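To start, the structure under review is shown below, and the notes come after it.
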Amino acid sequence: MVVGGDIVVKADQLDIKTNDELIRYIKEKKPGESINLQVFRKNKLEEVRVTLERDRGGSNPLEDLETTPEKSSSNPQPGRCG
């Protein structure tokens with residue numbers, strides 16, 4: 001699942017293989033809740049924490065997703081997503 005150039009491979013402990021899986025998982029949460037994402041970014045696997053906001057009514061619920069890096073590990077190879 002690609003979001004803003006990052007490949008999302010996990011949301012909390014859930015493996016993410018498609019856009020629909022990530023969207024469905026996010027929709028189960030409430031505004032203000034945080035989730036941990038594992039993303040492949042610039043040839044590194046990183047963990048980022050995001051805080052969810054209310055739906056702004058856009059057509060793409062992932063469009064405004066902003067992430068803050070917490071930690072990273074060096075050069076693991078992710079599986080393909082999406």
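The table for this structure:
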{"item": "Residue in the stretch 67-80 that is out of contact with any helix residue (DSSP H, G or I) (no Cβ under 8 Å at 6 or more places or on another chain) and either of a type in the set (A, V, I, L, M) or at pLDDT 90 or above (or both) present", "result": "no"}
{"item": "Number of the condition not met by residue 10 [criteria: (1) modelled with pLDDT of 95 or more; (2) exposed (fewer than 15 other Cβ atoms within 10 Å of the Cβ); (3) among the charged types (D, E, K, R)]", "result": "(2)"}
{"item": "Contacts under 8 angstrom Cβ, first residue in the stretch 7-24 being touching a residue at least 60 places away in the same chain (Cβ under 8 Å), partner in a helix (DSSP H, G or I), 6 or more apart", "result": "8/22; 16/22; 16/25"}
{"item": "Looking only at the stretch 1-42, and only at residues there that are among the small types (Gly, Ala, Ser) and not in a strand (DSSP E or B), the one that is farthest from the chain's Cα centre (by Cα)", "result": "32"}
{"item": "Residues (at pLDDT below 95 and β-branched (Val, Ile, Thr)) located in the stretch 17-38", "result": "18, 23, 26"}
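The values are calculated or read from the model by the stated rules, or taken from the named source; none is laboratory data. Being a predicted model, the structure only gives us computed values, none of them experimental. Every residue, glycine as well, gets a Cβ built from its backbone with ideal geometry; the counts of neighbours run over all protein chains shown.
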